[in-house]
Amino acid sequence: FLIIMMSSLLCFIGSRELLSRNIRILEYYVGIKATLFINLVMGAFIDSDLGYIYSIVCLLIAVASIIWGFREELKSFRLYGLILSLCSVLKLVMIDISYDNSLGRIFSFIISGLLCFGIVWIYNKMSEKITKE
């Protein structure tokens, strides 16, 4: 636990300062760095047969990136969250979930489509709220 906490501190030190510079490439860098770090930490503790957990955690990181991007008004951080969420849902459906019957596969595609529409809908509602203010 102590090693994880120390490496977290080292990984994210200075990230807030990088985000405050309003340079688009630095915002993508912070998002990618957070995603890779969380996946590396999870890889040390989670069995490789549980790949769907990686997808779910990436989806949570994506939603957090979108919320943080709206809170701090970082457009590229929000776009990173959108791209990461769509990629993690795609990975969840195409790679992680494997069904022997086609009905289960159809059901998983419907749920993933609803997830994508839900994320985009929330993004649009939050974007409209910011433009009205």
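With respect to SER7, is the statement that it is touching a residue at least 40 places away in the same chain (Cβ under 8 Å), open to solvent by less than 50 Å² (accessible area, probe 1.4 Å) and touching a Phe, Trp or Tyr at 6+ places or on another chain (Cβ under 9 Å) true? The answer is no for SER7. The residue of segment 42-53 that is modelled with the highest pLDDT, among those that are open to solvent by 40 Å² or more (accessible area, probe 1.4 Å) and closer than 19 Å to VAL89 by Cβ, is ILE53. The residue list ASN39, ASN22, ASN124 contains one member that is surrounded by fewer than 17 Cβ atoms within 10 Å (Cβ to Cβ) and part of a loop (DSSP other than H, G, I, E, B), which is ASN22. For segment 54-70, the set of residues classified as within 20 Å of LYS129 (Cα to Cα), open to solvent by 20 Å² or more (accessible area, probe 1.4 Å) and under 8 Å from the mean Cα position of the chain (by Cα) consists of VAL63, ALA64, listed by residue number. Could you please let me know if SER112 is modelled with pLDDT of 80 or more, open to solvent by less than 80 Å² (accessible area, probe 1.4 Å) and in a helix (DSSP H, G or I)? Taking the combined requirement at face value, the residue satisfies it. Look at segment 107-131: where a residue is over 20 Å from ILE61 (Cβ atoms) and a partner is open to solvent by less than 100 Å² (accessible area, probe 1.4 Å) and among the aliphatic types (A, V, I, L, M), sitting 6+ places away or on another chain with Cβ atoms under 7 Å, you get SER108/VAL93; SER108/ILE97; PHE109/VAL93. Residues that are under 16 Å from the mean Cα position of the chain (by Cα) and among the hydroxyl-bearing types (Ser, Thr, Tyr) do occur in segment 116-129.
Inspection of segment 83-100 finds a residue satisfying the criterion of being without any contact (Cβ under 8 Å) to a residue 60 or more places away in the chain, small (Gly, Ala, Ser) and farther than 17 Å from THR35 by Cβ. Would you confirm whether or not segment 94-104 contains a residue that is assigned to a helix (DSSP H, G or I), open to solvent by 60 Å² or more (accessible area, probe 1.4 Å), of a type in the set (Gly, Ala, Ser) and farther than 27 Å from LEU9 by Cα? There is at least one residue in segment 94-104 that is assigned to a helix (DSSP H, G or I), open to solvent by 60 Å² or more (accessible area, probe 1.4 Å), of a type in the set (Gly, Ala, Ser) and farther than 27 Å from LEU9 by Cα.
The values are calculated or read from the model by the stated rules, or taken from the named source; none is laboratory data. Quantities reported herein were computed from a predicted structural model and do not represent experimental measurements. Methodologically, a virtual Cβ is constructed for each residue, glycine included, from the backbone with ideal geometry; neighbour enumeration extends over all protein chains shown. Surface areas here come from the heavy atoms of the whole protein model, side chains and all, with no ligands, DNA or RNA. Shrake-Rupley method; radii C 1.70, N 1.55, O 1.52, S 1.80 Å.
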